[in-house]
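So the structure is just underneath, and the comments pick up after that.
Taken together, the values in this text are just the output of simple stated rules run on the coordinates, not laboratory data. Every value quoted in this text rests on a predicted model; they were computed, and no experiment measured them. Here Cβ is always computed from backbone atoms with ideal geometry, including for glycine, and neighbour counts include all displayed protein chains.
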Amino acid sequence: MMIPDFAQKPIEEPSKWLQRWIQEAEKEGEVEPTAMALSTIGGEGRPRTRFVLCKGVSAHGVRFFTNLESAKGVEISVNKHSSIAFHWPKMNRQVRAQGTLEAVPDDEADEYFLTRKRLSRVGAWASKQSRPLKAREELLSSVKHYSEMFGDDIPRPPHWSGFRLIPDYWEFWQGHDGRLHDRWAIHQSDGNWVSWRLYP
Ligand SMILES: Cc1cc2nc3c(=O)[nH]c(=O)nc-3n(C[C@H](O)[C@H](O)[C@H](O)COP(=O)(O)O)c2cc1C
């Protein structure tokens, strides 16, 4: 990456910046303030994108959870490169980040799984995410089956866990009139964050 000679230390660390913008989006009443587009690399190097919910941002990365046997789960097991993008229309803001994905440890996934609503926990067992489903009734009967099987004590399925995107490049974007937006990059170089503006 070409770092311009006028690059400077960012005013705020990128993960803190993202945390603050998510909080501000929540306060502003954005409908899905934690929704992010997640791109992975599929077969033949073709990118594939879908939305997931961000479930935690820290200096260690941006966390989400999913079915490990889903299309994205299989793609990630082959290629760890990924990118994400958030958009908050009311705030006229966007954040993008790219880097590599790291699996979250089992105890962390267990802890998060327990915070999910009962139906979501049952659903994690019942849904063979991304695989063909002949009829909706099949999904509903699978939900019934697992619901009766587990009662109230629903463990995390072995095929359900999380990942953290560990970005080495971020872009923040604040929209302004006349498309004269503020846009800046934050890149990791030799263990330090450096930042520079980009033409919008
Ligand atoms: C707003 C929104 C949030 C979503 N959050 C998640 C999520 O956190 N995890 C997940 O696996 N799928 C989530 N989904 C469903 C995914 O977009 C996608 O349909 C699913 O994960 C299968 O993707 P794949 O076939 O590429 O693996 C969400 C969809 C929307 C619209």
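Pairs of Cα atoms under 8 Å, at least six residues apart: use those to get the relative contact order of the range 115-200, whole percent.
19 percent
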**Asked** Taking square-rooted eigenvalues a ≥ b ≥ c of the alpha carbon gyration tensor, is the range 9-84 rounded, prolate or oblate, where a/c under 1.5 means rounded and, failing that, a/b exceeding b/c means prolate?
**Response** prolate
**Item:** Principal axis dimensions, the range 143-185 - Cα atoms, whole angstrom, descending
**Value:** 58, 26, 13
**Asked** When the chain is treated as a GNM, springs tying every alpha-carbon pair under 10 Å, which of Leu101, Leu53, Leu165 comes out with the largest mean-square fluctuation?
**Response** Leu53
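Given +1 on the Cβ of Lys and Arg, -1 on the Cβ of Asp and Glu, and no further charges, what dipole in debye does the chain carry about its Cα centre, rounded to the nearest 20?
600 debye
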**Alpha-carbon centroid distance for the pair the range 24-91 / the range 147-165, whole angstrom** = 20 Å
**Message:** Considering the Cα positions of the chain, please state its Rg to one decimal place and its Dmax as a whole number of Å.
**Reply:** 19.1, 63
**Complete:** Other residues with Cβ under 10 Å from the Cβ of Glu28 give, with Lys and Arg +1 and Asp and Glu -1, a net charge of 0
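Please report the relative contact order for the chain, taking Cα pairs under 8 Å with a sequence separation of at least 6, and give it as a percent rounded to a whole number.
Computed over the chain, the figure is 24 percent.
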**Item:** Under the Karplus curve 6.51 cos²θ - 1.76 cosθ + 1.60, θ = phi - 60°, whole-Hz ³J(HN,Hα) for the range 178-195, x wherever Gly or Pro sits
**Value:** x, 6, 8, 6, 8, 9, 9, 9, 10, 10, 8, 9, 6, x, 10, 8, 10, 9
**Request:** Indicate the gyration tensor shape class of the range 101-172 (rounded, prolate or oblate), computed on the Cα atoms with a ≥ b ≥ c the square roots of the eigenvalues: a/c under 1.5 is rounded; otherwise a/b larger than b/c is prolate and the rest oblate.
**Result:** oblate
**Request:** Apply the Kirkwood formula to the range 55-165: the hydrodynamic radius equals the inverse of the mean of 1/r over all pairs of different alpha-carbon atoms; give it in Å with one decimal.
**Result:** 15.6 Å
